Amino acid sequence: MHGLEPIRKACAAFGNPQNHLKIIHVAGTNGKGSTVNYIRAVLCALGYRVGTFTSPHLTAHFDRIRINDVWIEEDVFNAYLEKNLKVIEELDLGMFEIDTLIAFEWFAECKVDYAIIETGLGGRLDNTNIIEQPLLSLITTIGFDHMAILGDRLTQIAFEKAGIIKHGSHCIHGYLTPSCTKVIHARARAVQAACHGIHAYRNTGMNQMEYRGCIYEVSGAQYQKANACLALEAIRFLGFDIKDERVKKAVRECTWKGRFEKISEHPDIILDGAHNEEGIRALCASVSNLKRPLVCVFSALKDKPGRTMSGLLEEAVDQLIVTSFENERADSIDHLVSEHALIIDDWHEAIEKAEQNAENGTVLITGSLYFISTVRQYLTD
């Protein structure tokens, strides 16, 4: 891991733009992008100018860096790149470090009211973690992911995520296990930060929930309800009335591409970047109301428990097709296939077969976000 010193020096060379921003810093195993998007949608609906930095990209590299959900333009990105080139080369910055630097610079120059910054990996040693005084730190979920770097116990992973909590700041976390909650709160106490979790929500319908005495409609998968609750709690902390009709409308209309996203019908085709075991379990809990037959196309990266993930999918769908895609980090089919899965090497053919077998039911395409990005571009172009 490169460490934080290079990005810290790079930002210092340009006046530490991150220190001129009101930042909401978001870490967690799953749900970061969706939570960021809910907060962005609500703040925009309330009339604020909001910068967001998320990763990985889904459509194009530039969609990682946005203001009011509009990507940074390529010529603007390249102008920052050219301006920063000497420092980038001197410090040997990687692509994520470059993106982080440019996001901070652009948001500061455009004078956004809020900047919502998602960690790339972990928290404590993540390149975004040079933020000294975040307005708010959020931790979405704690699950097994990037274990070679973050550790192979949930409490170790929680410790890494908790590294974004800064001295005297405020942290809100999502629904965590008692052991992970204990780690998060211990970190908060150590740095004299306030910390609390979100309230329980009550299901009032497939796409509806009650949170803090108010009914909200939430589109997409069931797992989005937890993300929406964390976003609402963040909005409440910022001093806004979460019962405001503009807030409810923003939550109702908010969608996040590649997360339980329906891109066509007859059969319905749904894309979901459930890229680890926790994500797959959450996805499986959301498929009961999909049209049948339900055929799933799955591929994942090498550092995930692929066979466990495919086994979970196999129990939840009518047919599982395991495939592969071109990426140096993509896992082999042999490591992904479960007992009764159909193997189709070429993902184009896998999707074609799934569409045939689903008839007028549903094709669910899931796994690596890199896989989903590739498939989405192919199916929506």
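The values are calculated or read from the model by the stated rules, or taken from the named source; none is laboratory data. Everything numeric here is computed off the predicted structure, so don't read it as measured data. Cβ sites come from the backbone with ideal geometry, for glycine too, and all protein chains shown count toward neighbours. Ligands, DNA and RNA are excluded from the accessible area calculation, which covers all protein heavy atoms including side chains. Shrake-Rupley method; radii C 1.70, N 1.55, O 1.52, S 1.80 Å.
Per-structure values
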| quantity | calculated |
| --- | --- |
| Selection within region 25-47 - open to solvent by less than 10 Å² (accessible area, probe 1.4 Å) and either touching a His at 6+ places or on another chain (Cβ under 9 Å) or among the β-branched types (Val, Ile, Thr) (or both) | VAL26, GLY28, THR29, THR35, VAL36, ILE39, VAL42 |
| First in region 232-250 and over 22 Å from TYR175 (Cα atoms) and touching a residue at least 40 places away in the same chain (Cβ under 8 Å), second anywhere and open to solvent by 40 Å² or more (accessible area, probe 1.4 Å) and assigned to a helix (DSSP H, G or I), Cβ under 6 Å, 6 or more apart | ARG246/ALA45; ALA250/ALA45 |
| Residues that are closer than 14 Å to GLU5 by Cα and open to solvent by 30 Å² or more (accessible area, probe 1.4 Å), drawn from region 71-93 | GLU90, LEU91, ASP92 |
| Spans of strands (runs of 3 or more DSSP E) in region 308-381 with at least 3 residues free of Cβ contacts under 8 Å to residues at least 40 places away in the same chain | 319-324, 342-346 |
| Flag for LYS111 being free of Cβ contacts under 8 Å to residues at least 60 places away in the same chain and either part of a helix (DSSP H, G or I) or open to solvent by 10 Å² or more (accessible area, probe 1.4 Å) (or both) | no |
| Residue under evaluation SER288, criteria (1) open to solvent by 10 Å² or more (accessible area, probe 1.4 Å); (2) of a type in the set (Ser, Thr, Tyr); (3) under 21 Å from the mean Cα position of the chain (by Cα), criterion not met | (3) |
| Some residue of region 97-116 being touching a Lys or Arg at 6+ places or on another chain (Cβ under 8 Å), modelled with pLDDT of 95 or more and of a type in the set (Ser, Thr, Tyr) | yes |
| Which listed residue is under 19 Å from TRP347 (Cα atoms) and either touching a strand residue (DSSP E or B) at 6+ places or on another chain (Cβ under 9 Å) or surrounded by 18 or more Cβ atoms within 10 Å (Cβ to Cβ) (or both), from ALA330, ALA282 | ALA330 |
| Subset of region 1-12 that is in contact (Cβ under 8 Å) with a residue 40 or more places away in the chain and within 15 Å of ALA103 (Cα to Cα) - its residue that is most open to solvent (accessible area, probe 1.4 Å) | ARG8 |
| Options ALA231, ALA221; residue that is out of contact with any Cys (no Cβ under 8 Å at 6 or more places or on another chain) and modelled with pLDDT under 95 | ALA221 |
| Subset tally (residues that are more than 19 Å from THR177 (Cα to Cα) and part of a loop (DSSP other than H, G, I, E, B)) for region 192-210 | 4 |
| Selection status of SER179, open to solvent by 30 Å² or more (accessible area, probe 1.4 Å), touching a Lys or Arg at 6+ places or on another chain (Cβ under 8 Å) and not β-branched (Val, Ile, Thr) | no |
| Odd one out for ARG66 among (1) touching a Ser or Thr at 6+ places or on another chain (Cβ under 9 Å); (2) on the phi > 0 side of the Ramachandran plot | (2) |
| Among (1) within 24 Å of GLN377 (Cα to Cα); (2) modelled with pLDDT of 95 or more; (3) crowded, with 20+ Cβ neighbours inside 10 Å - the single one VAL317 does not satisfy | (1) |
| Filter result (touching a strand residue (DSSP E or B) at 6+ places or on another chain (Cβ under 6 Å) and either at pLDDT below 95 or small (Gly, Ala, Ser) (or both)) within region 261-279 | ALA274 |
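So that you can scan it fast, the table gives a plain yes or no per residue for (1) open to solvent by less than 40 Å² (accessible area, probe 1.4 Å); (2) among the acidic types (Asp, Glu):
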| position | (1), (2) |
| --- | --- |
| LYS166 | yes, no |
| ALA186 | no, no |
| ILE198 | yes, no |
| MET206 | no, no |
| GLU210 | no, yes |
| TYR216 | yes, no |
| ALA250 | yes, no |
